[in-house]
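Working notes, structure below.
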Amino acid sequence: MVEYLKRGRDAALRAEDQAKVRATVEGILSDIELRGDVAVRELSVKFDGWDREDYRLTSSEIKDCVGQLSSRDIEDIRFAQEQVRNFAQHQRNSMLDIEVETLPGVTLGHKHIPVNSVGCYVPGGKYPLLASAHMSVITAKVAGVDRIVTCAPPYHGKPAPAIVAAQHLAGADEIYCLGGVQAIGAMAIGTKSIGAVDMLVGPGNAFVAEAKRQLFGRVGIDLFAGPTETLVIADETVDGEMCATDLLGQAEHGPNSPAILLTNSRKLARDTMSEIQRILAILPTGEVAAKAWDEYGEVIVCESEQEMVKEADRIASEHVQVMTRDPDYFLKNMTNYGALFLGPRTNVAFGDKVIGTNHTLPTLKAARYTGGLWVGKFLKTVTYQRVTTDAASALIGEYCSRLCMLEGFVGHAEQANIRVRRYGGRNIPYGAAAE
């Protein structure tokens, strides 16, 4: 039986917060639609204190940002990017075009076509999250996207050198120092200075996520995203310090980041809660993590691994750290998660920053129906058909004719009938089904 030793904030209060965000974003996007660059500039000044005639960084500005990093910084960025590129390339290689003859004279196929342009948002107002540049730009490059635009907010009143370097080294075609809803709106809607893109990707705060949600349909998006989530599944094979560290390591993302411990050990649960309080007192980002833990942290005790799997699938967390006697049991049996981190030797931070899998993952229970960002998200799998013989056209036409008439689509049926007449030599009255 599932037992909660700690619960998070009430769902109704979370919905109330989201309603306020939704209304704010709707107004901002309407303003960008109406006034374009003027609105974008005013919003940048208002929210980021950042004013420029043109928010696109010049080649010299990019070079200056890269020059501010040490050789070790550059080496580390290149290492992380190579891991992301390598895994993305393996994913792309697994996606094959196909063409098969399904009946004599009937050929069907599909091919993978990259979208033409992508806007990548790289968060950086609170922390310069350069890893998001690797995850979006490189993956789009491997997919074959022609035009890749990046936007990241200013950091301490200027472009963040590490973010700019990461965007440049990843291969971004246009780099803008622009943040928030104004960046998302400008990329999706388009202005005189920023050409519209076909797809938006990348994480961001609640306002950025809501902007992407509202713009979906006008452009494609990677995911409907919410705050970073982490679920630690653990048993007595690990200790409270390890669990607490992994929970707080993600809770520092923001004050509304859920961090949940799921365990079949009451002792581990109590030890973890105690360790969390100890670590919060010494963690430099403890103020943010403490608020997240207080309002969104949960501790759940289950009786068995089977019950833990069931509860984990109900939660459908973005990140799932599994530290149990048999982590592969959860790999085999879990169905709802963004990414699994199996065993104590790995952790969510590895996936966030360097190991090679993508860190843009489903939140808000979206793991029930989608995975995270990967090379396939930038590809459109499109089909084609080819009928090469008279006999095949007549054969398919007869079936099509009857099925169309069954639905009442006479015009559809005639598309089939004319081919049965011409290629099959059949005399079918107009508007009748093939017999």
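The values are calculated or read from the model by the stated rules, or taken from the named source; none is laboratory data. Every value quoted in this text rests on a predicted model; they were computed, and no experiment measured them. As a convention, Cβ positions derive from the backbone with ideal geometry for all residues, glycine included, and neighbour counts pool all protein chains shown. The accessibility values were calculated without ligands, DNA or RNA, using every heavy atom of the protein model including side chains. Shrake-Rupley method; radii C 1.70, N 1.55, O 1.52, S 1.80 Å.
Restrict the check to region 301-309 and report whether at least one residue is in contact with a Gly (Cβ under 7 Å, 6 or more places away or on another chain), open to solvent by 10 Å² or more (accessible area, probe 1.4 Å), modelled with pLDDT of 95 or more and over 12 Å from I233 (Cβ atoms).
Going residue by residue through region 301-309, those that are in contact with a Gly (Cβ under 7 Å, 6 or more places away or on another chain) are none.
Among the residues of region 301-309, not one is in contact with a Gly (Cβ under 7 Å, 6 or more places away or on another chain), open to solvent by 10 Å² or more (accessible area, probe 1.4 Å), modelled with pLDDT of 95 or more and over 12 Å from I233 (Cβ atoms), which makes the answer no.
Looking only at residues in region 220-245 that are among the β-branched types (V, I, T) and touching a residue at least 40 places away in the same chain (Cβ under 8 Å), which one is nearest to V21 (Cα to Cα)?
Narrowing region 220-245 to residues among the β-branched types (V, I, T): 221, 228, 230, 232-233, 237-238, 245.
From the residues that got through so far, the ones that are touching a residue at least 40 places away in the same chain (Cβ under 8 Å) too are 228, 230, 232-233, 237-238.
On the way: T228: 17, T230: 23, V232: 29, I233: 32, T237: 42, V238: 40 Å.
Among those that are among the β-branched types (V, I, T) and touching a residue at least 40 places away in the same chain (Cβ under 8 Å), it is T228.
Could you say whether any residue in region 389-397 is open to solvent by 60 Å² or more (accessible area, probe 1.4 Å), β-branched (V, I, T) and assigned to a strand (DSSP E or B)?
no
Go through the residues of region 366-385 one by one and say whether even a single one is charged (D, E, K, R), open to solvent by 10 Å² or more (accessible area, probe 1.4 Å) and either more than 30 Å from D76 (Cα to Cα) or touching a Gly at 6+ places or on another chain (Cβ under 7 Å) (or both). Steps first, please.
Initially, region 366-385 is screened for residues charged (D, E, K, R), giving 368, 377, 380.
Right, trim to open to solvent by 10 Å² or more (accessible area, probe 1.4 Å) and you get 368, 377, 380.
Now narrow it down to the ones that are either more than 30 Å from D76 (Cα to Cα) or touching a Gly at 6+ places or on another chain (Cβ under 7 Å) (or both): 368, 380.
Yes, region 366-385 contains a residue that is charged (D, E, K, R), open to solvent by 10 Å² or more (accessible area, probe 1.4 Å) and either more than 30 Å from D76 (Cα to Cα) or touching a Gly at 6+ places or on another chain (Cβ under 7 Å) (or both).
Would you confirm, using the coordinates I've provided, whether A80 is under 28 Å from F216 (Cβ atoms) and touching a residue at least 40 places away in the same chain (Cβ under 8 Å)?
On the way: under 28 Å from F216 (Cβ atoms): no; touching a residue at least 40 places away in the same chain (Cβ under 8 Å): yes.
Spelling it out, it is not the case that A80 is under 28 Å from F216 (Cβ atoms) and touching a residue at least 40 places away in the same chain (Cβ under 8 Å).
Mind listing whichever residues of region 45-75 are within 22 Å of A140 (Cβ to Cβ) and either within 28 Å of the chain's Cα centre (by Cα) or not small (G, A, S) (or both)? Before you say what the answer is, go through the steps one by one.
In the first step, residues of region 45-75 are kept if they are within 22 Å of A140 (Cβ to Cβ); the result is 55-57, 59, 62, 65-66, 74.
Within region 45-75, Y55, R56, L57, I62, C65, V66, I74 qualify.
Given the options V118, V145, name the one that is assigned to a loop (DSSP other than H, G, I, E, B), touching a Ser or Thr at 6+ places or on another chain (Cβ under 9 Å) and in contact (Cβ under 8 Å) with a residue 60 or more places away in the chain. Break it down into steps so the answer makes sense when it comes.
Values: V118 fails: assigned to a loop (DSSP other than H, G, I, E, B).
Going through V118, V145 in turn, the sole match is V145.
Which one is most open to solvent (accessible area, probe 1.4 Å), of the residues in region 267-283 that are in contact with a strand residue (DSSP E or B) (Cβ under 9 Å, 6 or more places away or on another chain) and either aliphatic (A, V, I, L, M) or under 16 Å from R325 (Cα atoms) (or both)? Give the steps one after another, and end with the answer.
Of all residues in region 267-283, those in contact with a strand residue (DSSP E or B) (Cβ under 9 Å, 6 or more places away or on another chain) come to 268-270, 272-273, 276.
Still in the running and either aliphatic (A, V, I, L, M) or under 16 Å from R325 (Cα atoms) (or both): 268-269, 273, 276.
On the way: L268: 7, A269: 0, M273: 46, I276: 0 Å².
Taking the candidates together, the pick is M273.
Take region 166-192 and flag every residue that is in a helix (DSSP H, G or I) and crowded, with 24+ Cβ neighbours inside 10 Å. Give the steps one after another, and end with the answer.
Let us first name the residues in region 166-192 that are in a helix (DSSP H, G or I), namely 166-170, 180-189.
Correct list: A166, Q167, A170, G180, V181, Q182, A183, I184, G185, A186, M187, A188.
So, in region 316-330, how many residues would count as being within 19 Å of C243 (Cβ to Cβ) and surrounded by fewer than 19 Cβ atoms within 10 Å (Cβ to Cβ)?
First, the residues of region 316-330 that are within 19 Å of C243 (Cβ to Cβ): 317-327, 329-330.
Filter once more, keeping what is surrounded by fewer than 19 Cβ atoms within 10 Å (Cβ to Cβ): 325-326, 329.
Adding up the residues that qualify gives 3.
Between H134, H90, H156, which is out of contact with any strand residue (DSSP E or B) (no Cβ under 8 Å at 6 or more places or on another chain), without any contact (Cβ under 8 Å) to a residue 24 or more places away in the chain and under 25 Å from D73 (Cβ atoms)? Talk me through it step by step, then tell me what you get.
Numbers: H134 fails: without any contact (Cβ under 8 Å) to a residue 24 or more places away in the chain; H90 fails: under 25 Å from D73 (Cβ atoms).
Result of the check over H134, H90, H156: H156.
Given the structure, is V387 touching a residue at least 40 places away in the same chain (Cβ under 8 Å), touching a helix residue (DSSP H, G or I) at 6+ places or on another chain (Cβ under 6 Å) and hydrophobic (A, V, I, L, M, F, W, C)?
Numbers: touching a residue at least 40 places away in the same chain (Cβ under 8 Å): yes; touching a helix residue (DSSP H, G or I) at 6+ places or on another chain (Cβ under 6 Å): yes; hydrophobic (A, V, I, L, M, F, W, C): yes.
It is true that V387 is touching a residue at least 40 places away in the same chain (Cβ under 8 Å), touching a helix residue (DSSP H, G or I) at 6+ places or on another chain (Cβ under 6 Å) and hydrophobic (A, V, I, L, M, F, W, C).
Restricting to region 322-341, what's the tally of residues that are closer than 19 Å to T272 by Cβ, touching a Leu at 6+ places or on another chain (Cβ under 7 Å) and not in a helix (DSSP H, G or I)?
1
Can you tell me which residue in region 338-365 is modelled with the lowest pLDDT, limited to those that are touching a Phe, Trp or Tyr at 6+ places or on another chain (Cβ under 8 Å) and open to solvent by 20 Å² or more (accessible area, probe 1.4 Å)?
Per the stated criteria, the residue is L364.
Please find, among G49, G8, the residue that is open to solvent by 40 Å² or more (accessible area, probe 1.4 Å) and touching a residue at least 60 places away in the same chain (Cβ under 8 Å). Walk me through how you get there before you give the answer.
Numbers: G8 fails: open to solvent by 40 Å² or more (accessible area, probe 1.4 Å).
One residue alone meets the criteria, G49.
State all residues of region 97-124 that are surrounded by 15 or more Cβ atoms within 10 Å (Cβ to Cβ) and either among the aromatic types (F, W, Y) or under 19 Å from the mean Cα position of the chain (by Cα) (or both); if no residue qualifies, say none.
P114, V115, S117, V118, G119, C120, Y121, V122, P123, G124
Across region 209-252, what is the number of residues that are surrounded by 22 or more Cβ atoms within 10 Å (Cβ to Cβ), of a type in the set (A, V, I, L, M, F, W, C) and at pLDDT below 95?
Total meeting the criteria: 3.
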